[in-house]
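Notes to accompany the following structure.
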Amino acid sequence: MAEQNADPEIVFSLEKIYVKDISYEAPHVPAMFLEKAAMEVDMQLGIEHAPMNPAEGLYEVILGVTVTARMEKRTTFLTEVKQAGVFRITGVPDGELIKVLEIACPNILLPFAREVVNDLVSKGGFPQLLINPVNFEMLYQQKQDGDAQNGSNAH
């Protein structure tokens, strides 16, 4: 008789991908196209997640990407994209679920967000903007280290 495995099967799948929110502004065009100054680009990331139907293992994860470009302290363009996905995650121990939501899911969403940002910037008349790969595991660890420091400083 075959021995039954007591561990539940781990399921991790992308059920749906979509853009939840999108914004693009270029307040100083077309005058900015004539500028010869170097463009400074700043990128900020944010990760949000929420259970949709935990009994079925469904979670929404949103990767927010904000890119601000400036020339001589004036905003050249500002784009914000919230790339979202519905993920089915089951069989993952409770302590590991947060890692899956904040590391594995954003890794899947990033290429889609990268494409949307690049498309917006290019259609705005600016050169191609490629977002470099992101180490979500390192960002997660930094967040955990920051939370631990803030927790130890609480009175």
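We did not get these values from a lab; they are worked out from the coordinates using the rules stated. In this text the structure is predicted, and so the values were computed from the model without any measurement. Here the Cβ positions follow ideal geometry from the backbone for every residue, glycine too, while neighbour counts run over all protein chains shown.
What is the Rg over Rh value, at two decimals, for the chain, using alpha-carbon atoms and the Kirkwood definition of Rh?
Radius of gyration relative to Kirkwood radius: 1.11.
Suppose R0 equals 30 Å; then what is the FRET efficiency for Phe12 and Gln44 from their Cβ-Cβ distance, rounded to the nearest 0.05?
0.65
Using DSSP to define loop residues, name the GluC sites (Glu not before Pro) in segment 60-104 whose beta-carbon has at most 13 other beta-carbon atoms within 10 Å.
Here the sparse-neighbourhood loop sites are Glu72.
With a sphere of radius 15 Å drawn around the Cβ of Gln144, what net charge do the other residues whose Cβ falls strictly inside it have (Lys, Arg +1; Asp, Glu -1)?
That works out to -3.
Can you compute 3J(HN,Hα) from phi for each residue in segment 21-36, using the Karplus curve 6.51 cos²θ - 1.76 cosθ + 1.60 with θ = phi - 60°, rounded to whole Hz and x for Gly and Pro?
Per residue, the Karplus-derived 3J(HN,Hα) values read 8, 8, 8, 9, 9, 9, x, 10, 8, x, 4, 5, 5, 8, 5, 10 Hz.
Considering only Gly64, Gly46, Gly95, give the residue with the highest GNM mean-square fluctuation for the chain, with springs between Cα atoms whenever their separation is below 10 Å.
Ranking Gly64, Gly46, Gly95 by mean-square fluctuation puts Gly95 first.
Starting from segment 60-155, pick out the trypsin sites (Lys or Arg not before Pro) whose DSSP state is loop and whose Cβ has at most 12 other Cβ atoms within 10 Å.
Lys73
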